[in-house]
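Notes follow the structure.
The values are calculated or read from the model by the stated rules, or taken from the named source; none is laboratory data. What you see is a predicted model; the values in this text were computed from it and never measured. A quick note on method: Cβ atoms are made from the backbone with ideal geometry, for glycine too, and the neighbour counts reach across all protein chains shown.
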Amino acid sequence: MSKPKLALYWAASCGGCEIAVLDIKEKILDVDAFFDVVFWPVAVDFKVKDVEAMEDGEIDLCLFNGAVRTSDNDYMAHLLRRKSKLLVAFGSCACEGCIPALSNTTTKTATLDWVFADSPSTVNPDRVMPQTVTETPVGTIELPEFWETVKSLEQVTDVDYYVPGCPPQAHQIWGVLEAVIDILENDKPLPPKGTVLGAGDKTCCDECPRERQEKKIKGFKRIHEVMPDPDQCLLDQGIVCMGPATRSGCGGLCVAVGVPCRGCYGPAPNSKDQGTKMVAALASVIDSDDPEEIERILDGIVDPVGTFYRFSMAHATLGKVVVGTPDSSGNGGES
Amino acid sequence: MTTTTEAPLREPAVVSTEWRPRIIAFLCNWCSYTGADLAGISRIQWDPSVNIVRVMCSGRMDPTFVAKAFSMGADGVIISGCHPGDCHYQEGNYKTLRRFHLLKRLVEGFGIDGERLKLVWVSASEGDEWAATANEMAAKIRALGPLEVSS
Ligand code: SF4
Ligand code: SF4
Ligand code: SF4
Ligand code: FES
């Protein structure tokens with residue numbers, strides 16, 4: 001019997017999700033023994049044309065990491081969707097946009113200007129910008145189109161399952177692969193479509209080793225400004241921690257070592273918007289009934305949008321509202 | 001119980017093509033909704049672009065509701081609860097107050113003018129205040145113009 005086929009792909013990705021798969025260490029040999037790896041640009045030398053030549057649905061499982069921000073990412077998302085029986089949004093970028101989608105707070109032009117001309121480490125006096133088509137003496141060179149907005153995988157194509165995390169933790173990745181192997185080997189039923197795999201169904205706080213007393217606070221502090229108590233909840237100590245608005249699954253990795261949760265496992269179960277959930281969570285720890293004092297306390301939260309949606313900007317509810325051209329700071333602005 | 005204008009239907013002489021803002025107002029059941037109802041009973045007219053959603057307490061206002069209203073095409077959102085100290089559930093409006101200030105920062109962070117989100121306290125006897133709030137907000141949103149939403 002031929003082996004089930006496995007594909008892994010990276011779109012707008014940092015590569016961390018690819019490395020995370022290798023973090024399962026020698027278990028990768030079990031993966032290789034069970035699956036026929038038919039496409040994995042970072043590790044195996046198959047080309048896009050090999051995928052294009054496959055029958056539709058020929059790939060049994062495709063782990064797709066990275067967000068969708070170029071026409072090429074979009075093409076690959078649709079291609080792999082067509083060729084795969086199961087398409088998994090793997091990692092925060094594919095699940096909800098992650099770091100690449102933070103650029104949704106600004107425009108394509110502003111992003112390109114910064115990256116190719118204005119950043120301090122760039123010398124580009126003629127402001128040469130990437131073109132989708134360039135004629136050269138040796139022929140025509142084409143580049144993918146850079147999109148105005150970064151999208152998650154489900155915003156461009158149909159997704160079967162989600163594995164959150166930036167990157168997903170190795171033990172969770174192996175758990176998912178092991179479950180898939182078991183399902184395919186023993187003809188077991190698949191979990192319902194849309195299931196979040198490799199994560200918990202609570203919040204990060206539920207896995208946190210710290211003691212939470214739901215204290216009220218008079219001011220927020222940033223992590224580099226204090227030496228946090230090793231056993232108390234960070235939020236109780238006035239440090240912005242995304243734990244209450246974040247899905248469990250990592251085992252409380254950051255909070256266990258004294259770093260606040262940044263929210264990489266995405267929105268908590270039963271909530272779609274990490275930011276508005278965080279507004280409710282943070283507001284509830286503020287110890288004041290006085291508008292002016294509340295404002296002063298809130299001044300301690302630097303960049304609420306970037307902090308609350310660091311990993312889920314592509315799915316931010318308010319991101320749907322179209323406002324005018326952004327000002328030079330890169331923030332949107334109405335006027 | 002209805003609270004929107006109960007003026008008799010009249011055929012408008014000219015069909016207006018003027019843009020009419022969409023304002024969503026979340027009113028707590030015990031004070032503000034009753035206040036708006038009083039305005040209705042007293043036949044005080046207020047701007048019809050304000051659409052009321054009744055919630056049991058302003059403290060029930062999940063910030064997600066506000067985000068959702070904007071994402072579904074609201075040009076402005078009002079949250080109204082009992083005056084401080086008067087909340088039927090004791091603390092609900094203080095909770096709202098704290099959420100509101102942070103939510104406003106979030107809304108502004110997305111480039112939306114903070115004036116499009118308003119928090120007021122309206123008691124059950126303040127029909128006039130409710131009408132004035134609604135009219136003021138409608139005028140402000142008319143001046144700011146529409147917000148567009150991507151699909
Ligand atoms: S989810 Fe994180 S680790 Fe994975 S590609 Fe995106 S940024 Fe990199
Ligand atoms: S807020 Fe952060 S530190 Fe506090 S319990 Fe939750 S995850 Fe732990
Ligand atoms: S603690 Fe938060 S940021 Fe850290 S790994 Fe877990 S979910 Fe991600
Ligand atoms: S019942 Fe009116 S604000 Fe709580």
Exercise. For residues in region A:275-310 being closer than 14 Å to B:Leu103 by Cα, charged (D, E, K, R) and without any contact (Cβ under 8 Å) to a residue 24 or more places away in the chain, which is farthest from the other protein chains (Cβ to nearest Cβ)?
Worked result: A:Asp299
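What about A:Met54, is it at pLDDT 95 or above, more than 16 Å from ligand 1 (Cβ to nearest atom) and either part of a loop (DSSP other than H, G, I, E, B) or surrounded by 12 or more Cβ atoms within 10 Å (Cβ to Cβ) (or both)?
Values: at pLDDT 95 or above: yes; more than 16 Å from ligand 1 (Cβ to nearest atom): yes; either part of a loop (DSSP other than H, G, I, E, B) or surrounded by 12 or more Cβ atoms within 10 Å (Cβ to Cβ) (or both): yes.
Answer is yes for this residue.
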Exercise. Wholly within region A:114-228, which strands (runs of 3 or more DSSP E) include no fewer than the required count, namely at least 3 residues that are in contact (Cβ under 8 Å) with a residue 40 or more places away in the chain and of a type outside the set (Phe, Trp, Tyr)?
Worked result: A:146-151
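Given the options B:Arg98, B:Arg54, B:Arg43, name the one that is more than 16 Å from ligand 2 (Cβ to nearest atom), part of a helix (DSSP H, G or I) and either in contact (Cβ under 8 Å) with a residue 24 or more places away in the chain or more than 15 Å from the chain's Cα centre (by Cα) (or both). Spell out the reasoning first.
Details: B:Arg54 fails: part of a helix (DSSP H, G or I); B:Arg43 fails: part of a helix (DSSP H, G or I).
Among B:Arg98, B:Arg54, B:Arg43, only B:Arg98 is more than 16 Å from ligand 2 (Cβ to nearest atom), part of a helix (DSSP H, G or I) and either in contact (Cβ under 8 Å) with a residue 24 or more places away in the chain or more than 15 Å from the chain's Cα centre (by Cα) (or both).
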For this session: Could you list all residues from region B:57-69 that are more than 9 Å from every other protein chain (Cβ to nearest Cβ) and part of a helix (DSSP H, G or I)?
Result: B:Ser58, B:Gly59, B:Arg60, B:Ala69
Seminar exercise, completed: Exactly one of A:Gly266, A:Gly238 is within 16 Å of ligand 1 (Cβ to nearest atom) and on the phi > 0 side of the Ramachandran plot, and that one is A:Gly266
For this session: Only residues that are surrounded by fewer than 22 Cβ atoms within 10 Å (Cβ to Cβ), under 23 Å from the mean Cα position of the chain (by Cα) and not acidic (Asp, Glu): list them for region A:1-24, please.
Result: A:Cys14, A:Gly15, A:Gly16, A:Ile19, A:Ala20, A:Leu22, A:Ile24
Exercise. Looking at region A:182-230, which of its residues are among the polar types (S, T, N, Q) and in contact with a Phe, Trp or Tyr (Cβ under 8 Å, 6 or more places away or on another chain)?
Worked result: A:Thr195
For this session: Output the number of the condition that B:Ala143 fails; it satisfies all remaining conditions of (1) in contact (Cβ under 8 Å) with a residue 24 or more places away in the chain; (2) more than 11 Å from every other protein chain (Cβ to nearest Cβ); (3) aliphatic (A, V, I, L, M).
Result: (1)
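The rows are residues; the columns are (1) touching a Leu at 6+ places or on another chain (Cβ under 6 Å); (2) within 16 Å of ligand 4 (Cβ to nearest atom); (3) of a type in the set (A, V, I, L, M); (4) at positive phi.
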| site | (1), (2), (3), (4) |
| --- | --- |
| A:Pro4 | yes, no, no, no |
| A:Ala7 | no, no, yes, no |
| A:Ser13 | no, no, no, no |
| A:Ile19 | no, no, yes, no |
| A:Lys27 | no, no, no, no |
| A:Val37 | yes, no, yes, no |
| A:Val44 | no, no, yes, no |
| A:Asp50 | no, no, no, no |
For this session: Quick one: which residue in A:Ala101, A:Ala94, A:Ala89 is more than 16 Å from ligand 4 (Cβ to nearest atom) and in a strand (DSSP E or B)?
Result: A:Ala89
For this session: Answer yes or no: is there a residue in region A:40-51 that is within 16 Å of ligand 3 (Cβ to nearest atom), in contact (Cβ under 8 Å) with a residue 24 or more places away in the chain and assigned by TED's automatic domain parsing to the domain that holds A:Ala94.
Result: no
